[in-house]
């Protein structure tokens with residue numbers, strides 16, 4: 001189970017998030033497109049937890065969650081109509097525990113301080129986790145939101161449980177049935193489906209962005225197992241090959 | 001239900017604690033002996049929650065918790081052998097809810113960033129709340145500790161429940177049986193018992209500090225109801241009067 005910070009701005013918040021991870025026994029951190037000087041500052045701060053030095057740094061969210069089978073976005077619902085299923089934080093632990101037991105890998109994604117995760121970020125998430133806050137002051141500080149989420153999960157899941165079979169996203173042959181396809185596989189499926197849409201002239205250029213977004217969301221809703229994702233991928237590759245002949 | 005910060009140092013932490021209170025619907029804050037310039041800075045910060053402006057400021061912990069019937073210390077157990085009953089945070093809510101239902105008033109006390117609550121601070125607390133953290137990094141950031149505690153309590157208690165009868169600590173006559181004596185009353189009892197100890201030459205001067213500490217702790221352990229506290233007070237006042245004749 002890992003934590004992903006998308007474009008964090010304040011080095012103190014990065015440090016606070018990392019400290020909360022250390023407090024609750026989580027060690028896998030990925031940071032997406034951080035502001036470089038602040039990221040360096042946070043990593044070199046006195047007393048920075050070790051996990052900061054070992055954090056993965058990526059340009060996009062999709063790389064940060066590659067290999068994850070359950071991607072959880074966080075945020076408040078005050079100014080947004082969610083496009084995916086919403087889970088209140090107190091109800092989250094059983095879902096996470098079940099995914100880990102099934103051999104899956106879970107990512108908890110936090111957005112930047114100012115505005116939180118964008119609609120595009122959230123389209124990579126199967127569920128949106130809502131921290132129940134007061135309607136008069138719903139928006140939490142980043143470090144505190146991380147602390148509250150990890151506190152809730154720490155006692156009920158194994159923070160650093162490794163997937164039972166960690167053989168990479170595309171070698172599904174010997175995996176148990178029922179394990180969810182990971183984020184990288186879903187992106188692969190989305191890419192091929194999109195190519196098919198184009199090849200079939202299904203998707204006019206002006207609709208391409210919107211269709212891509214909706215497709216991503218739908219794949220998360222469907223949450224196909226690894227075998228099913230492989231089947232879907234095979235089918236669409238075949239269709240694409242046919243269309244392009 | 002209120003929050004007490006003892007000698008907070010960092011204005012960012014004060015602000016973060018206040019923000020977490022606003023996030024989870026708590027509004028009563030007291031700050032004990034803050035470092036003045038930082039306290040002013042925290043209160044005047046842009047976007048500081050209203051509750052900071054309305055916070056009570058006291059010189060000592062005993063004034064901050066005056067009127068409270070259940071005083072909860074927070075901290076880690078790593079470097080200390082607790083002198084009072086320890087409750088893990090996930091088990092705290094029912095105790096707080098019961099106290100509030102009974103018409104009591106609850107204070108959650110946080111120590112300074114560096115070392116947490118002192119042994120003396122803790123002697124005012126009936127229970128020590130332990131946030132279950134990783135043994136390798138047990139000590140939490142102040143703002144995050146406040147956030148985690150209030151998150152845990154917010155969904156299970158009424159943050160701003162007022163005591164059913166808020167008539168001050170010393171007018172017990174018409175109060176329901178079973179309500180716990182508040183912190184101010186317990187201090188009053190402790191003071192009179194101490195005078196009796198001295199008058200009876202029970203307590204040599206060198207032992208006075210230690211005896212005061214143990215007495216305070218014992219009164220918290222006993223947690224007498226309001227009527228019982230009044231009875232104890234009456235008895236010891238009578239003894240004192242006798243001894244001093």
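Starting from the label point of residue B:36 at 7 Å along Cα→Cβ, the same points in the other copies fall at 4.6 nm, in ascending order. Listed by Cβ neighbour count within 10 Å, with the fewest neighbours leading, A:197, A:140, B:218 appear as B:218, A:197, A:140.
Based on the convex hull around the alpha carbon atoms, region B:183-244 presents an average projected area of 3.9 nm².
Note: relative contact order over region B:2-154, using C-alpha pairs below 8 Å and six or more positions apart, is 33 percent. Computed over chain A with a Gaussian network model linking Cα atoms closer than 10 Å, the most mobile of A:137, A:59, A:195 is A:137. Please state the shape class of region A:2-154: rounded when a/c is under 1.5, otherwise prolate if a/b exceeds b/c and oblate if not, all from the C-alpha gyration tensor. In terms of gyration-tensor shape, rounded.
Placing a pseudo-label 7 Å from each Cα along the Cα-to-Cβ vector at residue B:206 and residue A:57 gives an inter-label distance of 6.2 nm.
Sorting A:241, A:39 from the fewest to the most surrounding beta carbons within 10 angstrom yields A:241, A:39.
Relative to the longest principal axis of the Cα atoms of chain B, the long axis of helix B:226-244 lies at roughly 50 degrees.
Region A:86-109 and region B:52-117 have Cα centres lying 32 Å from one another.
Taking the fewest neighbouring Cβ atoms within 10 Å as the starting point, the ordered list for B:99, A:198 is A:198, B:99.
What residue among A:25, A:75, A:67 has the largest mean-square fluctuation in a Gaussian network model of chain A, using Cα springs under 10 Å? Fluctuation is largest for A:25. Classification of the protein assembly as shown by its C-alpha gyration tensor yields a prolate form. The axis ratio a/c (a ≥ b ≥ c) is 1.5 or more, and a/b outweighs b/c.
Label-point distances for residue A:206 to the equivalent site in the other copies, using a point 7 angstrom along Cα→C-beta, read 9.4 nm when ranked shortest first. Among B:213, B:115, B:38, the residue with the largest mean-square fluctuation in a Gaussian network model of chain B, with springs joining Cα atoms closer than 10 Å, is B:115. Over chain A, dividing the summed -39,500 (n - 2.57) contributions of all DSSP H runs of at least 4 residues by the number of residues returns a 222 nm mean residue ellipticity of -13500 deg cm²/dmol.
Between identical copies, the spacing of residue A:120 label points, each set 7 Å from Cα toward the C-beta atom, reads 5.8 nm from nearest to farthest. An oblate overall shape is assigned to region A:43-129, the ratio a/c of its alpha-carbon gyration tensor axes (a ≥ b ≥ c) being 1.5 or greater and a/b not exceeding b/c.
FYI, it's all coordinate maths here, none of it is from the lab. Quantities reported herein were computed from a predicted structural model and do not represent experimental measurements. Neighbour counts run over all protein chains shown; Cβ positions are idealised from the backbone, glycine included.
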